[in-house]
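Chemist: Sharing a structure below in structure tokens format, with a few things to ask.
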């Protein structure tokens, strides 16, 4: 008799969502746990700076799957939790609160992070970065007819400028 295997995915982004979709589509019928720092199921980020920011779509439309899909597919979403340590010998992921989730297979799909410019003023009110739904919501809250905005991105690291 074989025991149940656990496949842990650290990261709640589109890659994580695509991975668990593929696992289920390919017949993996064992336990899957997705650990994501954001409170949302995996979603596409590009619409945040386009349709969502302009108010032409909802947050739900950016989701890879509705939340019910994960329940129906028996995928355990552990959202709003940060993985802080990996124990490869003990085959476990430790969460910020000290909980350990043991795995047989592990995919680290944490994605990237925005870099804040190291210049004075980046911490002022009205200065935003855009990577998450919450950050898009903060920008949307400030959008009004007649206001101006400066948008930048894709800057090389200072040592390569």
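Just so it is clear, none of the values below were taken in a lab; they were calculated from the coordinates. This one's a predicted model, so the numbers in the text were calculated from it and none came from an experiment. Because the Cβ atoms are built from the backbone with ideal geometry, glycine has one as well, and the counts that use them run over all protein chains shown.
Chemist: Give me a count of the residues in segment 91-139 that are in a strand (DSSP E or B) and within 18 Å of residue 149 (Cβ to Cβ).
Modeler: Initial filter on segment 91-139 (in a strand (DSSP E or B)): 92-95, 100-102, 105-108.
With the extra rule that they be within 18 Å of residue 149 (Cβ to Cβ), the set shrinks to none.
Final tally of qualifying residues: 0.
Chemist: Scan segment 78-97 and tell me whether some residue there is touching a residue at least 24 places away in the same chain (Cβ under 8 Å), in contact with a helix residue (DSSP H, G or I) (Cβ under 9 Å, 6 or more places away or on another chain) and surrounded by 16 or more Cβ atoms within 10 Å (Cβ to Cβ).
Modeler: Checked against the condition, which is being touching a residue at least 24 places away in the same chain (Cβ under 8 Å), in contact with a helix residue (DSSP H, G or I) (Cβ under 9 Å, 6 or more places away or on another chain) and surrounded by 16 or more Cβ atoms within 10 Å (Cβ to Cβ), segment 78-97 yields no hits at all.
Chemist: Same structure, new question: Any residue in segment 42-63 that is farther than 30 Å from residue 144 by Cβ and over 18 Å from the mean Cα position of the chain (by Cα)?
Modeler: Going through segment 42-63, the residues farther than 30 Å from residue 144 by Cβ turn out to be 42.
From what's left, over 18 Å from the mean Cα position of the chain (by Cα): none.
Within segment 42-63, none of the residues are farther than 30 Å from residue 144 by Cβ and over 18 Å from the mean Cα position of the chain (by Cα).
Chemist: Among the residues of segment 41-69, write down those that are touching a residue at least 40 places away in the same chain (Cβ under 8 Å) and farther than 26 Å from residue 128 by Cβ.
Modeler: Just the residues of segment 41-69 that are touching a residue at least 40 places away in the same chain (Cβ under 8 Å), to begin with: 43, 45, 48-49, 52-53, 55, 59, 62, 64-65.
Hit for segment 41-69 is 65, nothing else.
Chemist: Among the residues of segment 118-147, how many are touching a helix residue (DSSP H, G or I) at 6+ places or on another chain (Cβ under 9 Å) and farther than 25 Å from residue 39 by Cα?
Modeler: 1
Chemist: Of all residues in segment 76-87, which are part of a loop (DSSP other than H, G, I, E, B) and within 21 Å of residue 104 (Cβ to Cβ)? Quick ask: steps written out before the conclusion?
Modeler: Of segment 76-87, the ones part of a loop (DSSP other than H, G, I, E, B) are 80-82.
Correct list: 81 only.
Chemist: Right, something else. What number of residues within segment 30-75 are surrounded by 17 or more Cβ atoms within 10 Å (Cβ to Cβ) and part of a helix (DSSP H, G or I)?
Modeler: Qualifying residue count for the region: 4.
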